[in-house]
Amino acid sequence: MNQAGGQSGATGSGGGAGGPRPELNLTSYFARHHGEDAAIVTSDATVSQRQFWNDVGLWRARLADAGVVAGDRVAILAGNKPAFISVHVAVMGMGAISVPLNCDSPLAELIPQLKAVDPRAVFVGPRAEGVWGAVPAPFADRRIDAEADVDPGSDPGLAAVTADTPALLIFTSGTAGTPKPAVLTHGNLLSSLQSVLSLPIDLVEVPHVFLAVIPLFHVFGIHMVVHLALITGAAVIVEEYGNAQNMMELIRNHQPTVVAGPPALWQRMVAQGGQVVDFASVRLAVSGAAALPARLAVLVDDQLGLVLHDGYGLTESGAVAASTLGVDDPPLGSVGLLMPGVEARIVDTDGSDCLTGDPGELWLRGPMISPGYWGEGPEHSSRTVDGWLRTGDTAVADDDGFLAIVGRLKDLIIVSGFNVYPAEVEAALVTHPAIAQVGVTGEPLDSTGEAVVAFVVPEAGTTIDDADLWAYCGERLARYKIPHRFVITDQLPLGPTGKLRRNRLVAGGRTG
């Protein structure tokens, strides 16, 4: 496979020849909306677009007063609150680099990240007060006073930038190693937004209200929800990721038209039941940030009356590289077609392109692709080859260009010389009525080299019999793909958006 974006339209890089220009600043596109319409909505307050931009201007002034200049990093350690967005937009607008961090990170994870980006300033929200109290110098001395009086006239305004100017550093999830800060430039971010806006999903002409419950330190939350709302002039409901009842109340009270979240969010709402809330206001339902089980998409349709769109992307691809948005009847289990402007290859181990239908590593190229990691030049990155991003994900494409993600290249299990992709085994097992969640990994075994191990979380009130599971797998999987053993557990190691941290699966349990 070697193809360009499979959906309608095309997009530019968001940049252009010549020197730095204010109009290349991503936030200049946001600032086109500055009236009295709602910009940010919370459970107890509404911030108009005019007030939002007043707040952004005050934050630019505070940051400038603290010595922040273009190119400096500013860390944001806060929960999903309006101030997070105001600070973030202010930082990018003045040509500095926004670095959202997980405010629930333990100190052992937070300190290495601060050292990696060396921020000139740090915004700390109430939710992060506990961990921040233990942060040592010099970072402890770089906290910005959110209450500091400042002369609005000291607002430096929008900086002139190029398409290659870094705007955002997002730490990768670290599911297969140490998290690294991926660089996303103004051109990267604008290109990916233009790509989404070129789809036939009517995000501009129809007034929208986005629900933002995905953590804003995640690229899906800050970029594909908040940035997309800002560039279209939509209102965005900003709340912490909570339980299903909280989500239902937000939908009931604020009538969002666009709801995006990880599969775990949709699973919670399905469990709560569609009878509790009328989802008639929701025109666009999107799953992202983790793999969407096909069974869950069917349940969302049956119980909530929503077509749940899926997609594929990673931090380094500017959030989304393929999607079912704007596609009629995508194959079940597919992540859709390539986004406009995205090129892809599916590559065999020898570097050649795979035949249609054969699995291989997915490579991506386009103006939305990150140039690399902070502190590493492209020539030092093992993730790029001649401008292609090696995603590390194994994919398959059909004759119509629909992509399916089979698993992670590093997660590949080789049993007696045969390749076993954990995602395929998980997809088979999760359809069992007694299984709520499943994670699959490999372990050494003398007789076959490696063996498949399945970590299973039972549905509440059920019991699971190994013999039944082996029989169930035998009807759905080739013999070498059937788990050698099952580990019954109360929970799987998941990241903040519900993504399985496969490298944290711990051996134990029953062997057959």
Worksheet item: Which value, in debye to the nearest 20, gives the size of the charge dipole of the chain about its Cα centre, when Lys and Arg are +1 and Asp and Glu are -1 at the Cβ?
Response: 740
Worksheet item: So if we plug the beta-carbon distance of Asp398 and Asp104 into 1/(1 + (r/R0)^6) with R0 = 41 Å, what FRET efficiency do we get, rounded to 0.05?
Response: 0.55
Discussion item. With Cα extents along the principal axes in Å as the read-out, I listed (i) 79, 51, 42; (ii) 72, 52, 49; (iii) 75, 58, 44; which label goes with the value calculated from this structure?
Written reply: (ii)
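Net charge near Gln49: determine it from the other residues with C-beta under 15 Å of the C-beta of Gln49, scoring Lys and Arg +1 and Asp and Glu -1.
-1
When the dipole is taken about the Cα centre of region 412-511, and only Lys, Arg (+1) and Asp, Glu (-1) are charged at their Cβ, what size is it in debye, to the nearest 20?
It works out to roughly 300 debye.
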Worksheet item: Using alpha-carbon pairs under 8 Å, 6+ residues apart, how would you state the relative contact order of the chain in percent?
Response: 14
Practice prompt. Taking the Cα atoms of region 208-284, report the difference between the largest and smallest coordinate on each principal axis, in whole Å and largest first.
Written response: 34, 23, 17
Worksheet item: Using the alpha-carbon atoms, what tilt in degrees (0 to 90, nearest 10) does helix 49-65 show relative to the longest principal axis of the chain?
Response: 80
Practice prompt. Once you have the Kirkwood Rh of region 308-456 from its Cα pairs, apply Stokes-Einstein at 25 °C and 0.890 mPa s and quote D in µm²/s.
Written response: 147
Worksheet item: What FRET efficiency comes out for the pair Lys115/Glu36, r = Cβ-Cβ distance, R0 = 51 Å, nearest 0.05?
Response: 0.70
Item to complete: Give the residue from Gln267, Gly375, Gly439 lying farthest towards the positive end of the charge dipole for the chain; charges sit on Cβ (+1 for Lys and Arg, -1 for Asp and Glu) and the dipole is referred to the Cα centre.
Response: Gly375
Worksheet item: To the nearest 10 degrees, how steep is helix 186-197 against the longest Cα principal axis of the chain, on a 0 to 90 scale?
Response: 60
Response to the item:
In degrees, nearest 10, the alpha-carbon axis of helix 82-93 is tilted away from the dominant principal axis of the alpha carbons of the chain by 70
Response to the item:
Which residues qualify? For Ala319, with a placed amide H closer than 5 Å and at least 5 residues away or on another chain, they are Leu314
Worksheet item: Under 5 Å between amide H atoms, partner at least 5 residues away or on a different chain: which partners does His309 have, H built in plane at 1.01 Å?
Response: Ala285, Val286, Ser287
Discussion item. Based only on other Cβ atoms within 10 Å, what is the fewest-to-most ordering of Met92, Met248, Met339?
Written reply: Met248, Met92, Met339
Item to complete: May I ask you to sort His88, His34 by Cβ crowding, counting other Cβ atoms within 10 Å and putting the fewest first?
Response: His34, His88
Worksheet, complete the sentence: Computed from the beta carbon distance with a Förster radius of 25 Å, FRET efficiency for Asp358 and Lys410 to the nearest 0.05 stands at 0.85
Worksheet item: Can you give me the Cα centroid spacing of region 334-353 and region 437-467 in angstrom?
Response: 31
Item to complete: Would you calculate, for the chain, the mean residue ellipticity at 222 nm contributed by helices, counting each DSSP H stretch of 4 or more residues as -39,500 (n - 2.57) and dividing by all residues, to the nearest 500?
Response: -6000 deg cm²/dmol
Worksheet item: Excluding Glu239 itself, what net charge comes from residues whose Cβ is under 10 Å from its Cβ, given Lys and Arg +1 and Asp and Glu -1?
Response: -1
Worksheet item: From the phi of every residue in region 140-157, what ³J(HN,Hα) in whole Hz does the Karplus formula 6.51 cos²θ - 1.76 cosθ + 1.60 yield, where θ is phi - 60° and glycine or proline is x?
Response: 4, 8, 9, 5, 7, 7, 5, 9, 5, 5, 8, 6, x, x, 8, 5, x, x
Discussion item. Compute the distance from the alpha-carbon center of region 199-260 to that of region 287-313, in whole Å.
Written reply: 16
Fill in: Taking the convex hull of Cα positions in region 415-501, its mean projected area over all directions (nm²)
5.8
Worksheet, complete the sentence: Counting only residues 5 or more apart in sequence or on a different chain, those whose built amide H sits under 5 Å from that of Val385 are Arg390
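Here, each number is a calculation from the coordinates, and none is a lab measurement. Please read all numbers here as calculations on a predicted model, not as lab measurements. Backbone-built Cβ (ideal geometry, glycine too); neighbour counts: all protein chains shown.
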